[in-house]
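Novice: Pasting in a structure now, in structure tokens, and then I'll have a few things to ask.
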Amino acid sequence: MSADNPAGSPLIFDRFLRYDELSSTLGALAAQFPGLVSVDRYGTSYEGRDLMLVTVTDRSTGAPETKPAHWVDANIHAIEVTGGAAALHLIHHLVTAGERNDAAALQALRTRTFYVAPRVNPDGVEAALADNPTYRRSSMRPWPHRDGHQWPGLVSQDIDGDGRVLTMRVPDPNGAWVPHHDDPRVMVPVPADGVLTAEMLTDGVQRYRLLEEGMISDFDGFTVPVPTPPEGLDLNRNFPAGWGNTVRGSGDHPLSEPEIDALVRAIVARPNICGYNAYHTSGGIILRPSGTASDSSLPPSDLWTYKELGKRGTELTTYPVHSVYEDFTWDKSETMSGASDDWAYEHLGVFGWTTEFWDVNFAATGERSSTDIWYVGTTPEQDLAIARWSDQFGQDRYAVPWKPFEHPQLGPVEIGGLDWFRIASNPPPELLVEEIRPHADFAVHQALAAPCIEIVHTAAIGLGHGLWRLEVGIANTSWLPTTVSARAARANIVLPLTARLELPDGVEIVGGTNRVRLGQLAGRSGFRLDGGSRNDGTPDRVLARWTLRAPSSSTGFSVSVIAEHPRAGTRVATVAVE
């Protein structure tokens, strides 16, 4: 752990942090690196916890708002705690860049800003990490019934007090499951014809019904409904992009939830944000928009840019890149709308991503999970491989033998099976750092691809009679255009580059206006889309000119030039006129 936790960084990656430890650790980090890190509150959760935003940049080279920025957030879903660890590791990666002599990270610190919200949903995460855990999709706010009434049915909870929520298997002659003949911790489905082979009848009980560990509200002695819990909100369906009340967990209206309202306002208040990434689990994949429309609906240049950035993401992390709509939408008539990456792209015109950390199937078998696993689940063969693979971390630690339990409502049951929270939704702590480490490099790569203006040419040309022509050449020296995307350019949602002068007393502008609009600048990515002509031109540059008059008594003076672009940063140059 020493390579990832040097003395200069208080961040740790051998466990998932509870809220109070997270808060104190971030405070210690800001105290340790005051020239790089600040921690601010950007809102309050439903249960009253502060929503924390970490800003990382080298303040000796400029304030955070004067540089193009990359945004990362995590833990919008309660049990996806690996995402929060990855967000913290990005911060760690940046503040320890000097120790590694990491040229890319140091360049990013000098010229870019990183905004990291490591725990968007602190209430749900705190419940998941509690000694007596409660697993929710997202928010703890009662919804859709605001009184929090629990309708009849199964209520998932830790009923045997072991700090885990596992699976109950209930003897049932008509049950859909039987134990695997090679490992009884794993259950396999009864064949479609219902005929059991001899090897499937190994434990004396033919069949079982499987239920999440928990109690049954208003049990009638026969039926066990699985109702939508009163905490049924999905905060990642509450964003304005494509929001719909037919989408499960979408909330009362876009931004109805305090966590998402605060997040959106925090992002919009920082117009220098040029890229966005949400950290989730699981799947071992990087997802990109759209979640609601085919690739053919995207501007072709944006689709190309997504693929180029994604190609580098795969090279760095090994994670394949998929379109949510094209590859992960089971039913194209029921799309995953209201998600954060769609909102970032559709409303802000920045390239948004969702990283789904950790593919336990890949770890156990060497084969990537199928793109329909979120709908059809794992196969018995995969479950068996996972159970056996997990034993290397401790026999029966994650694949738990079935233990008899006298359920107060169901009678004799057994509790056990795979601990999905600790082995499938998240990696074992022993593998956490290796899993999340490469994604910091991808975040740095995206940040350095963001547009960045520089003042690359200045000249003061004497015209006689106290007149001077001032020339200032400004260039976008980075890969993406100053609009970032074609979608943003088409919608005209990015303000133009401007330049203005600060003049000494007695000097006046007689040709032109002080503040000039200079439009948008291309980036190097545009030179790739020229049909192979290799005839670049200079769409990444612009020249501003002013005519100045100085007092006849003047022997020389200096003019400050301020070039500003909301996304590509602010640059200042001093021009000596003599």
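Novice: Quick check on this structure: which one of 66, 61, 55 is modelled with pLDDT of 95 or more, in contact with a Phe, Trp or Tyr (Cβ under 8 Å, 6 or more places away or on another chain) and more than 21 Å from residue 432 (Cβ to Cβ)? If you could, list the steps in order and put the result at the bottom.
Specialist: Values: 66 fails: in contact with a Phe, Trp or Tyr (Cβ under 8 Å, 6 or more places away or on another chain); 61 fails: in contact with a Phe, Trp or Tyr (Cβ under 8 Å, 6 or more places away or on another chain).
Exactly one of 66, 61, 55 is modelled with pLDDT of 95 or more, in contact with a Phe, Trp or Tyr (Cβ under 8 Å, 6 or more places away or on another chain) and more than 21 Å from residue 432 (Cβ to Cβ), namely 55.
Novice: Residue check, residue 495 against (1) under 17 Å from residue 66 (Cβ atoms); (2) surrounded by 23 or more Cβ atoms within 10 Å (Cβ to Cβ); (3) not β-branched (Val, Ile, Thr), all met but one. Which one?
Specialist: Only one criterion in (1) under 17 Å from residue 66 (Cβ atoms); (2) surrounded by 23 or more Cβ atoms within 10 Å (Cβ to Cβ); (3) not β-branched (Val, Ile, Thr) is unmet by residue 495, namely (2).
Novice: Within the set of pairs 6+ apart or on separate chains, which have a first residue in the stretch 362-374 that is closer than 18 Å to residue 325 by Cβ, a second that is of a type in the set (A, V, I, L, M, F, W, C) and buried (at least 17 other Cβ atoms within 10 Å of the Cβ), and C-beta atoms under 9 Å apart?
Specialist: Close Cβ pairs satisfying both conditions: 371/285; 371/328; 372/328; 374/328.
Novice: Here is a list: 85, 104. Which entry is over 27 Å from residue 568 (Cβ atoms), part of a helix (DSSP H, G or I) and not assigned by TED's automatic domain parsing to the domain that holds residue 477? Write out each step before concluding.
Specialist: Working: 104 fails: over 27 Å from residue 568 (Cβ atoms).
Going through 85, 104 in turn, just one is over 27 Å from residue 568 (Cβ atoms), part of a helix (DSSP H, G or I) and not assigned by TED's automatic domain parsing to the domain that holds residue 477: 85.
Novice: Tell me which residues, restricted to the stretch 158-170, are surrounded by fewer than 19 Cβ atoms within 10 Å (Cβ to Cβ) and of a type in the set (Asp, Glu).
Specialist: Passing the criteria: 160, 162.
Novice: Look through 240, 271, 173 and report the one residue that is surrounded by fewer than 15 Cβ atoms within 10 Å (Cβ to Cβ) and not in a helix (DSSP H, G or I). Lay out the reasoning, then the answer.
Specialist: Working: 240 fails: surrounded by fewer than 15 Cβ atoms within 10 Å (Cβ to Cβ); 271 fails: surrounded by fewer than 15 Cβ atoms within 10 Å (Cβ to Cβ).
After ruling out the rest, the residue left standing is 173.
Novice: Determine whether the stretch 181-189 contains at least one residue that is of a type in the set (Asp, Glu) and within 22 Å of residue 383 (Cβ to Cβ). Step through it out loud before you land on a result.
Specialist: Keep residues of the stretch 181-189 that are of a type in the set (Asp, Glu), which gives 182-183.
Then drop every residue that is not within 22 Å of residue 383 (Cβ to Cβ), which leaves 182-183.
Yes, some residue in the stretch 181-189 is of a type in the set (Asp, Glu) and within 22 Å of residue 383 (Cβ to Cβ).
Novice: Quick check on the stretch 126-154: of everything there that is among the hydrophobic types (A, V, I, L, M, F, W, C) and in a helix (DSSP H, G or I), which residue is nearest to residue 280 (Cα to Cα)?
Specialist: Only one residue fits best here, namely 128.
Novice: Restricting to the stretch 548-566, what's the tally of residues that are crowded, with 17+ Cβ neighbours inside 10 Å and in a loop (DSSP other than H, G, I, E, B)?
Specialist: Of the stretch 548-566, the ones crowded, with 17+ Cβ neighbours inside 10 Å are 548-550, 557, 559, 561, 563-566.
With in a loop (DSSP other than H, G, I, E, B) added as a condition, the list becomes 550, 566.
Qualifying residue count, the stretch 548-566: 2.
Novice: Still on this structure: Specify the residue that is nearest to residue 96 (Cα to Cα); the eligible residues are those in the stretch 23-45 that are among the polar types (S, T, N, Q) and surrounded by 13 or more Cβ atoms within 10 Å (Cβ to Cβ). Working first, answer last.
Specialist: First, pick out the residues of the stretch 23-45 that are among the polar types (S, T, N, Q): 23-25, 32, 38, 44-45.
Filter once more, so that each one left must be surrounded by 13 or more Cβ atoms within 10 Å (Cβ to Cβ): 23, 25, 32, 38, 44-45.
On the way: 23: 20, 25: 16, 32: 11, 38: 15, 44: 30, 45: 31 Å.
Among those residues, the one meeting the criterion is 32.
Novice: Pull up the stretch 19-48, narrow it to residues that are in a helix (DSSP H, G or I) and of a type in the set (Gly, Ala, Ser), then point me to the one that is farthest from the chain's Cα centre (by Cα). Give the derivation first.
Specialist: In the first step, residues of the stretch 19-48 are kept if they are in a helix (DSSP H, G or I); the result is 19-32.
Now narrow it down to the ones that are of a type in the set (Gly, Ala, Ser): 23-24, 27-28, 30-31.
Numbers: 23: 20, 24: 23, 27: 22, 28: 24, 30: 22, 31: 26 Å.
My answer is 31.
Novice: Would you be able to say whether some residue in the stretch 188-203 is of a type outside the set (Val, Ile, Thr) and touching a residue at least 40 places away in the same chain (Cβ under 8 Å)? Walk me through how you get there before you give the answer.
Specialist: Taking the stretch 188-203 first, the residues of a type outside the set (Val, Ile, Thr) are 189, 191-194, 196, 198-201, 203.
If we keep only those that are touching a residue at least 40 places away in the same chain (Cβ under 8 Å) too, we end up with 189.
Checked against the condition, which is being of a type outside the set (Val, Ile, Thr) and touching a residue at least 40 places away in the same chain (Cβ under 8 Å), the stretch 188-203 yields at least one hit.
Novice: Oh, and also: Is it fair to say residue 411 is surrounded by 18 or more Cβ atoms within 10 Å (Cβ to Cβ) and assigned by TED's automatic domain parsing to the domain that holds residue 208? Steps first, answer last, please.
Specialist: Working: surrounded by 18 or more Cβ atoms within 10 Å (Cβ to Cβ): no; assigned by TED's automatic domain parsing to the domain that holds residue 208: yes.
No: the conditions fail for residue 411.
Novice: Sticking with this structure for a sec: Starting from the stretch 546-557, take each residue that is at positive phi and list its partners that are acidic (Asp, Glu) and surrounded by fewer than 17 Cβ atoms within 10 Å (Cβ to Cβ), counting only C-beta distances under 9 angstrom and pairs at least six apart or across chains.
Specialist: 556/578
Novice: Can I ask one more? Between a residue in the stretch 404-421 that is touching a residue at least 24 places away in the same chain (Cβ under 8 Å) and any residue that is basic (Lys, Arg) and in a strand (DSSP E or B), which pairs come within a Cβ distance under 9 Å, given they are 6 or more apart or on different chains?
Specialist: Listed by first residue and then by second, the contacts come to 413/169; 414/169; 414/403; 415/169; 415/403; 416/169; 416/403; 417/169.
Novice: Also, quick follow-up: Tell me which of these residue 123 doesn't satisfy, since it passes every other one: (1) part of a loop (DSSP other than H, G, I, E, B); (2) under 21 Å from the mean Cα position of the chain (by Cα); (3) within 30 Å of residue 408 (Cα to Cα).
Specialist: (1)
Quick grid of which residues meet (1) of a type in the set (S, T, N, Q); (2) part of a helix (DSSP H, G or I); (3) touching a Leu at 6+ places or on another chain (Cβ under 8 Å):
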residue	(1), (2), (3)
400	no, no, yes
405	no, no, no
409	yes, no, no
414	no, no, no
417	no, no, yes
427	no, no, no
432	no, yes, no
438	no, yes, yes
443	no, yes, yes
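Every residue, every condition in (1) assigned by TED's automatic domain parsing to the domain that holds residue 522; (2) surrounded by 17 or more Cβ atoms within 10 Å (Cβ to Cβ); (3) touching an Asp or Glu at 6+ places or on another chain (Cβ under 6 Å); (4) closer than 30 Å to residue 531 by Cα, yes or no:
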site	(1), (2), (3), (4)
312	no, no, no, yes
317	no, yes, no, no
364	no, yes, no, no
376	no, no, no, no
382	no, yes, no, no
396	no, no, no, no
402	no, yes, yes, no
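Novice: What residue, among those in the stretch 417-471 that are within 19 Å of residue 286 (Cα to Cα) and of a type in the set (Val, Ile, Thr), is surrounded by the most Cβ atoms within 10 Å (Cβ to Cβ)?
Specialist: Of everything passing the filter in the stretch 417-471, 436 is surrounded by the most Cβ atoms within 10 Å (Cβ to Cβ).
Novice: Shifting gears a bit: How do the pairs read when you match residues in the stretch 117-144 that are over 18 Å from residue 429 (Cα atoms) with residues anywhere that are among the aromatic types (Phe, Trp, Tyr) and not in a helix (DSSP H, G or I), using Cβ under 8 Å and keeping only pairs 6 or more apart or on different chains?
Specialist: Within 8 Å, the pairs are 117/42; 117/71; 123/46; 127/135; 139/46; 140/46; 141/46.
Novice: Sticking with this one: Yes or no: residue 330 modelled with pLDDT under 95, outside the structural domain of residue 200 (by TED's automatic domain parsing) and at negative phi?
Specialist: Details: modelled with pLDDT under 95: yes; outside the structural domain of residue 200 (by TED's automatic domain parsing): yes; at negative phi: yes.
Yes, satisfied.
Novice: Where residues in the stretch 563-578 are under 23 Å from residue 466 (Cα atoms) and not acidic (Asp, Glu), which of them is farthest from the chain's Cα centre (by Cα)? Step through it out loud before you land on a result.
Specialist: As a first pass, look at the stretch 563-578 and keep what is under 23 Å from residue 466 (Cα atoms): 573-578.
After this cut, where a residue has to be not acidic (Asp, Glu) as well, the list is 573-577.
Details: 573: 36, 574: 39, 575: 42, 576: 46, 577: 48 Å.
Among them, the one singled out is 577.
Novice: Scan (1) surrounded by fewer than 18 Cβ atoms within 10 Å (Cβ to Cβ); (2) in a helix (DSSP H, G or I); (3) hydrophobic (A, V, I, L, M, F, W, C) for the single condition residue 260 breaks and write down its number.
Specialist: (1) is the only condition that residue 260 fails.
The values are calculated or read from the model by the stated rules, or taken from the named source; none is laboratory data. All values derive from a computational prediction rather than experimental measurement. Positions of Cβ are generated from backbone atoms using ideal geometry, with glycine treated the same way; all protein chains shown enter the neighbour counts.
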